[in-house]
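Read through the structure below, which is laid out as structure tokens, and then see the notes.
The values are calculated or read from the model by the stated rules, or taken from the named source; none is laboratory data. If you're wondering where the values come from, they're calculated on a predicted model, not measured in any experiment. Reconstructed Cβ throughout: ideal geometry from the backbone, glycine too, with neighbour counts over all protein chains shown.
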């Protein structure tokens, strides 16, 4: 009994396995090239070289006694200087999302009559954020990891261990 090969079920089973591997490989290639992963920090070597400079800025903030409190009520952000005699004309506040670069944003805030810095968000900013506070001159900085909205007041205190 000689039957043609295409009428044998075992032949189709043997051909199906490599064919499905080829189809899965092509699909994986297409997905990987149409949706590339974004890097939060593009050049890790330069980032690593600048760590010492960043730590020195945080240590300067520590030495100067820079401290702020962060409160959020609804979509209103309030940042108050704590125990600081100096008046800041401008504060730069950067919010970096831990995984999604497109969610990163920065604020440039000026103080109100009480010396507090306020901002109203039009969209939802809940979640985990790496926050950086610097003055206009950027000679010191404070970095913290926070979760928004906070359940209570968050103290923004310079910590060289948090600097990165």
Region 80-101, residues that are farther than 15 Å from residue 140 by Cβ and buried (at least 16 other Cβ atoms within 10 Å of the Cβ):
80, 95, 96, 97
Any residue in region 148-161 that's more than 16 Å from residue 129 (Cβ to Cβ): show its pairings with residues that are exposed (fewer than 11 other Cβ atoms within 10 Å of the Cβ) at Cβ separation under 9 Å, as long as the two are six or more apart or on different chains.
158/63
Residue satisfying all of: in region 1-28; loosely packed, with under 10 Cβ neighbours inside 10 Å and outside any helix (DSSP H, G or I); modelled with the lowest pLDDT among these
1
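Conditions (1) at pLDDT 90 or above; (2) over 18 Å from residue 78 (Cβ atoms), marked per residue:
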{"position": "98", "(1), (2)": "no, yes"}
{"position": "102", "(1), (2)": "no, yes"}
{"position": "107", "(1), (2)": "yes, no"}
{"position": "128", "(1), (2)": "yes, yes"}
{"position": "136", "(1), (2)": "no, yes"}
{"position": "140", "(1), (2)": "no, yes"}
{"position": "160", "(1), (2)": "no, yes"}
So which residues in region 124-142 are exposed (fewer than 15 other Cβ atoms within 10 Å of the Cβ) and more than 17 Å from the chain's Cα centre (by Cα), if there are any at all?
136, 137, 138, 139
